[in-house]
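The values are calculated or read from the model by the stated rules, or taken from the named source; none is laboratory data. None of these values were measured; they are calculated from a predicted model. Every residue, glycine as well, gets a Cβ built from its backbone with ideal geometry; the counts of neighbours run over all protein chains shown. Accessible surface is based on the protein model in full, side chains and every heavy atom, while ligands, DNA and RNA are left aside. Shrake-Rupley method; radii C 1.70, N 1.55, O 1.52, S 1.80 Å.
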Amino acid sequence: MQTDDKQRGFWASRLGFILAASGSAVGLGNIWKFPYITGENGGGAFVLIYLVCICVVGLPIMLCEFTIGRRTHLNPVGAFNALKPGTPWVAVGYMGVLAGFLILSFYGVVGGWTLAYVVKSLTHVVDHFASSAEAGAFFGAFIANTGEILMYHTIFMMLCMAIVIKGVHGGIERACDILMPTLVIMLMLLMIRSLTLPGAIEGVKFYLYPDFSKISGQTVLLAMGQAFFSLSLGMGCLITYGSYLSSKENLTSCTLYVVMFDTFIALLVGMVIFPAVFAMGLEPESGPSLVFNVLPAVFSSMPFGTVVSVIFFALLAIAAFTSAISLLESVSAYFIDQKGWPRNKAVITTGIIIYLFGIPSGLSFGLMKDVTFFGMTFFDLVDTISSNYLLPLGGMLTAIFVGWIWGTKEAHREIERHETTFHWARYWEFALKYISPVAVAIVFITHFIPAD
Ligand code: PHE
């Protein structure tokens with residue numbers, strides 16, 4: 001069932017679309033995950049491999065998602081159904097909606113942490129740590145505090161609903177038009193601060209000098225998984241965003257801009273974090289705790305550390321927020337298009353259910369830290385199912401669908417509707433038909449086989 005434009009929505013400008021899609025892509029994946037995975041996996045060498053993954057898997061699949069969306073002007077379920085009616089391919093759409101639901105449920109919790117750290121930076125609570133162990137102990141106590149976690153999680157999800165309810169143009173596009181440039185400016189300021197610290201050059205060397213001895217098969221797989229998560233691929237989020245795009249726009253250049261934006265931000269974040277960590281004599285290999293444990297210790301000991309801390313966590317909160325709204329939009333779009341619900345009802349209902357489902361994830365570091373499923377906390381379980389299984393599977397199936405089922409010819413026709421600038425069409429077809437499905441299949445399979 002197709003609803004009118006007012007319920008569905010549209011992007012008012014090409015720039016608005018690019019900023020919103022970049023807002024979806026740039027998130028915790030870039031600012032939190034990318035630096036720590038790079039730190040653990042040989043710095044520059046990992047960065048190189050990541051860039052190859054972006055080109056051979058990320059770029060071709062992103063163009064597919066935008067194309068499916070723009071062709072059908074529907075959410076993922078409606079889109080697969082419209083292109084191949086009555087076939088099991090619609091399941092890929094349902095999987096996407098489910099993945100969006102699951103990812104947002106724990107993403108909202110971490111979004112809450114980022115908001116809390118903005119407040120704690122502003123109120124000078126997190127700017128006087130003597131060591132990263134001290135900062136870590138503080139963080140550990142914070143995420144175990146039920147009341148605080150619930151409060152920030154609630155605020156974060158309410159803010160998301162408030163924006164998405166206002167619609168694609170009036171809410172999401174407007175918010176991203178302001179937030180994305182703000183994010184870039186903040187990042188530039190932070191980079192200047194970080195690079196001018198004495199000793200910063202060591203961090204730059206670590207970041208840019210490739211240490212190939214640390215590269216293994218596992219590293220390549222990590223890089224590919226990261227490319228997926230970071231570009232928001234494999235769950236139909238970008239099908240949904242593409243569905244609000246007018247047929248006049250050039251799909252190939254939009255795809256290139258979004259991919260470049262996301263990659264550029266991830267690379268810049270590395271240029272902020274590593275110089276600062278090295279200048280302050282801390283370890284770049286500390287893993288997931290890098291952002292919440294090591295950085296507050298770095299900020300505590302640097303000149304203008306409080307201001308830097310406020311800017312950094314605000315940056316993290318903005319990045320998380322623009323990704324979270326894309327997740328909420330793609331789940332809501334299913335109910336708006338397929339069930340004919342008014343936007344208000346769709347956003348409020350899905351937002352509240354996702355929020356409630358996220359609460360056990362929020363409690364996974366405190367009250368529920370001993371409740372495990374297959375040896376994982378609720379938070380880790382939901383993260384693993386969605387990021388490690390649903391995204392790669394969805395991405396692989398999307399590549400197969402466009403490459404072999406719907407067909408690159410049909411897709412090509414949609415891409416070239418108003419343009420004759422698709423210079424990399426042959427590369428795209430080849431990558432899509434052969435490289436992406438095989439590469440993603442390998443990632444997917446290795447996720448089933450525990451690393452150690
Ligand atoms: N790309 C986002 C990030 O880097 C996460 C995300 C995944 C958002 C899938 C939407 C869909 O954090």
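Please note which helices (runs of 4 or more DSSP H) are completely contained in region 304-385 and include at least 1 residues that are more than 19 Å from the chain's Cα centre (by Cα) and acidic (Asp, Glu). Qualifying helices (runs of 4 or more DSSP H): 305-338. Of all residues in region 273-313, those being among the aliphatic types (A, V, I, L, M) and within 16 Å of the ligand (Cβ to nearest atom) number 3. The helices (runs of 4 or more DSSP H) found wholly in region 58-125 and carrying at least 1 residues that are open to solvent by 30 Å² or more (accessible area, probe 1.4 Å) and within 16 Å of the ligand (Cβ to nearest atom) occupy 90-122. Please name all residue pairs, on different chains or six or more residues apart, with Cβ atoms under 8 Å, provided the first residue is in region 145-160 and is within 14 Å of Leu356 (Cβ to Cβ) and of a type in the set (Val, Ile, Thr) and the second residue is at pLDDT 95 or above and open to solvent by 40 Å² or more (accessible area, probe 1.4 Å). Matching pairs, first to second residue: Thr154/Tyr355. Scanning region 259-272 for residues that are under 14 Å from Ile185 (Cα atoms), open to solvent by less than 40 Å² (accessible area, probe 1.4 Å) and within 15 Å of the ligand (Cβ to nearest atom) gives Ile265, Leu268, Val269. Entry remark, region 189-199: residues being surrounded by fewer than 20 Cβ atoms within 10 Å (Cβ to Cβ) and touching a residue at least 60 places away in the same chain (Cβ under 8 Å) number 6 in total. The set of residues in region 208-258 that are closer than 27 Å to Phe80 by Cα, among the β-branched types (Val, Ile, Thr) and either within 12 Å of the ligand (Cβ to nearest atom) or open to solvent by 40 Å² or more (accessible area, probe 1.4 Å) (or both) comprises Ile239, Thr240, Val258.
Scanning region 212-236 for residues that are modelled with pLDDT of 85 or more, of a type outside the set (Gly, Ala, Ser) and out of contact with any Cys (no Cβ under 8 Å at 6 or more places or on another chain) yields Phe212, Phe228, Phe229, Leu231, Leu233, Met235. Would you confirm whether or not region 23-40 contains a residue that is among the hydrophobic types (A, V, I, L, M, F, W, C), more than 16 Å from the ligand (Cβ to nearest atom) and open to solvent by 20 Å² or more (accessible area, probe 1.4 Å)? No.
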